[in-house]
Amino acid sequence: MALDGCGAFCKYTLVLFNLLFALVGSAFLGLGLWLRFSNSTRGIFQVEGLNSSAFVLGVTVLIALGAVMLIVVIFGDYGACNEKRCALQVFSILVTLLASAEVIIGFLAYSNRDEVGQSIAEFYTTMYALYVQTNDPAIAVTLLFINNLLHCCGITGVPLIEIAQKTCPKPDGFLENIKMPSCPVTIATVFDSKASLVLGIFLGTGALLIVAMACSIVLLHQIKRINQHFASQYSAVY
C-alpha cells in the first residue's frame, strides 16, 4: 500500500522545500563563518567592547540561523525520503517554532524599524571600516553589491574624496560625480520606508513554513495509515 496522490505530492513538496532551505541555510552559515573567522574580521570578536555591536550580533545571527536551517533540512529530508515518522515529527516541531519566530521577529522589526535601520547602518559602517583597513576583496564585493543596490557611495557620499571610491556605483550624471547619497543614511531611510515590505517578507516566509508543516502532517498521517494497514494484514495472517 503506497502513498496516495496527496501524500506523494506532500512528499515531493517537502523535498523541494528542503532543497531550497538547504541552499539558503548554507549561504547564511558560510557567510557567517567567513565573517567570524576571516583574517580581516575575526579581530572584532576579540575586542570586549564590541561584543554587543550590530556587526557581532549580525554575524552571530547568521551562523545560528544557518545552522538551525540545516538541522531542519536534515530531519525534513530524512523523514520525507525514508518516510520516517519520528524525523517528520521533529521536523514539524522545528518548522512550527521557526514560523512563530518569523512572525514575531517580523512584527518586532516593523514596530522598531528606526532602531533596526540604525543597526543595519552600523553593520555597513563596520564593513566599510574593515575594507579601509584591510582592502579585503571579499568585503569590497559586499560593499559594491550594497552600494549598487541602494545607489549610494560609502560613508561620505562624495565620490571625489571617498576612500572606498572603487565600490561606488557609476554616477548617472555630472551632479553625482560631486555628491551621491551616503550609504548609512540611505540604509536607515530605506529600511524605514520599506518596513511594510520587510514585514510582508517575514510573514510570507512564515506562511511558507506553515505550508511545509502542513505537508509534513499530511505525510505523517499517510505513513501512519500505511503502517496500520500492514499491521492489520500481519495480524490477520498470524
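Assorted remarks:
- Heavy-atom accessible area per residue - the chain, 1.4 Å, Å²: 56 Å²
- Residue-count net charge about I120 - beta-carbon cut-off 14 Å; Lys, Arg +1, Asp, Glu -1: -2
- Helix axis angle, 85-111 relative to the chain longest principal axis, alpha carbon, degrees: 30 degrees
- Dipole of the chain, positive end: most advanced residue of T125, C10, I163 [Cβ charges, Cα centre]: C10
- With respect to the chain, whose longest principal axis is taken over its alpha-carbon atoms, helix 5-37 is tilted by about 30°.
- GNM top mover of R113, R36, R225 - the chain, alpha-carbon springs below 10 Å: R225
- Principal axes of the stretch 53-178: Cα extent on each, largest first, Å: 64, 33, 28
- Cα-Cα P(r), the chain, percent of pairs per 5 Å interval: 1, 6, 11, 13, 13, 13, 11, 9, 7, 5, 4, 3, 2, 1, 1, 0, 0, 0
- Segments 100-108, 179-187 sorted - mean Cβ within 10 Å per residue, highest first: 179-187, 100-108
- Lysine pair count for the chain [Cα-Cα under 29 Å; pairs on different chains or 8 or more apart]: 8
- Angle in degrees between helix 195-237 and the longest Cα principal axis of the chain, rounded to the nearest 10: 20 degrees
- About the centre of its Cα atoms, the chain shows a dipole size close to 600 debye [charges on the beta carbon of Lys, Arg (+1) and Asp, Glu (-1) only; nearest 20 debye].
- Highest mean first, the peptides 120-128, 190-198, 161-169 sorted by other C-beta atoms within 10 Å per residue fall in the order 120-128, 161-169, 190-198.
- Of all accessible heavy-atom area on the chain, the percent that carbon and sulfur account for (1.4 Å): 69 percent
- With θ taken as phi - 60° and the Karplus curve 6.51 cos²θ - 1.76 cosθ + 1.60 applied, the whole-hertz 3J(HN,Hα) list for the stretch 143-154 is 5, 4, 5, 5, 4, 6, 5, 9, 6, 9, 9, x Hz, x standing for glycine and proline.
The values are calculated or read from the model by the stated rules, or taken from the named source; none is laboratory data. Note that the structure is a prediction, hence the values are computed from the model and not measured. Counting neighbours? That spans all protein chains shown, and the Cβs are built from the backbone with ideal geometry, glycine included. Ligands, DNA and RNA are stripped out before the accessible areas are found, and what is left, the full protein with its side chains, is counted by its heavy atoms. Shrake-Rupley method; radii C 1.70, N 1.55, O 1.52, S 1.80 Å.
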